[in-house]
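Read through the structure below, which is laid out as structure tokens, and then see the notes.
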Amino acid sequence: MEKSNIKRNLVLSILFFLPVAFLLMLYPSTHNYDPLEIVGDNVADLELFTSDSEAEVLLKDHITIVGFLGNDPQNHLIAASNLKELVYDKFLGFKKFQVVIVLPKGTESEAEKFHKEIDNYADMRFWHYVFGQPNDIKKIFDSLKTEEPLDGDLFTDHVFVIDKDLSQRGRLDDRKDKEKEKKEIIYPLYSYDCIEIDEIKNKMSDDLRILFTEYRQKRKGKFDSSSRRAEDLNANDK
């Protein structure tokens, strides 16, 4: 009986101390926290655009995924569905998070049909469509750091992450660990390809988690982004 009690107490002690030890292991990582890098600044906002929302849709003060689906969004349902199911649905409910799809004026009815195709009865209040003239769409796109062109139809499969201060976020060094070990040439990740499921399911989801963690720390007064902002932009100019 005594041995049984000792064994039970030992098991209970292990069960109690394991979570504590795990938290202690994680604690130093909060001090080495590295935020999602700034790859571009001064992204143009949407003042000249109309929207499908009663309220004005702007990038400022929001964490936004921006996409460009061109004159015929119905042709790009796969890209949009991947974005919705693998990213939007996952982060729905995070404070100030939104998806904004940029379309040319005159596609309002097409956008409505398109929306019905991807709406699977989820909360779509934070998925917006904005409409503007081609020159204004190009102005928004040209304010983004990108290696992917906007085609003649004003479309790209790639989407962009914009923070509350109108800075574009991404990765200045997107090399895999093996590539770093081999000291291969550094290449960035400015945008995320919605056709590449692994890229948005893993890379984009991870990057958004990092960005939301950064803003959560800011609200708690534990994060100062000023020095990091200058460091990222200087690195990007090299």
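The values are calculated or read from the model by the stated rules, or taken from the named source; none is laboratory data. As the structure is a prediction and not an experimental result, all values here were calculated from the model. With ideal geometry, Cβ positions are generated from the backbone for all residues, glycine too; neighbour counts draw on all protein chains shown. For accessibility, only protein heavy atoms count, side chains too; no ligands or nucleic acids. Shrake-Rupley method; radii C 1.70, N 1.55, O 1.52, S 1.80 Å.
Quick notes on this structure:
- Residue selection: D153 satisfies the criterion of being out of contact with any strand residue (DSSP E or B) (no Cβ under 6 Å at 6 or more places or on another chain) and either under 28 Å from G106 (Cα atoms) or in contact (Cβ under 8 Å) with a residue 60 or more places away in the chain (or both).
- Index of the failed condition, D232 passing every other in (1) over 30 Å from G106 (Cα atoms); (2) under 18 Å from the mean Cα position of the chain (by Cα); (3) surrounded by 15 or more Cβ atoms within 10 Å (Cβ to Cβ); (4) modelled with pLDDT of 90 or more: (4)
- Counting only helices (runs of 4 or more DSSP H) that sit wholly inside the range 106-201, those with at least 3 residues that are modelled with pLDDT of 90 or more and surrounded by 13 or more Cβ atoms within 10 Å (Cβ to Cβ) are 108-118, 134-142.
- Residue in the range 68-81 that is under 14 Å from the mean Cα position of the chain (by Cα) and over 22 Å from V43 (Cα atoms) present: no
- For the range 90-121, residues that are in contact with an Asp or Glu (Cβ under 9 Å, 6 or more places away or on another chain) and under 30 Å from Q217 (Cα atoms) total 3.
- Within the range 166-204, if we keep just the residues that are among the small types (G, A, S) and in contact with a Phe, Trp or Tyr (Cβ under 9 Å, 6 or more places away or on another chain), the residue that is farthest from D142 (Cα to Cα) turns out to be G170.
- Picking from residues in the range 202-225 that are open to solvent by 70 Å² or more (accessible area, probe 1.4 Å) and over 18 Å from the mean Cα position of the chain (by Cα), the one that is modelled with the lowest pLDDT is D224.
- Any pair with Cβ under 7 angstrom, 6 or more apart, that starts in the range 63-74 at a residue that is closer than 18 Å to Y192 by Cβ and ends at one that is open to solvent by less than 10 Å² (accessible area, probe 1.4 Å) and acidic (D, E): I63/D163
- Within the set E47, E85, the sole residue that is farther than 20 Å from T156 by Cβ, surrounded by fewer than 20 Cβ atoms within 10 Å (Cβ to Cβ) and of a type outside the set (A, V, I, L, M) turns out to be E47.
- So K95, is it within 28 Å of L172 (Cβ to Cβ) and surrounded by fewer than 13 Cβ atoms within 10 Å (Cβ to Cβ): yes
- Of all residues in the range 76-105, those being in a helix (DSSP H, G or I) and in contact (Cβ under 8 Å) with a residue 40 or more places away in the chain number 12.
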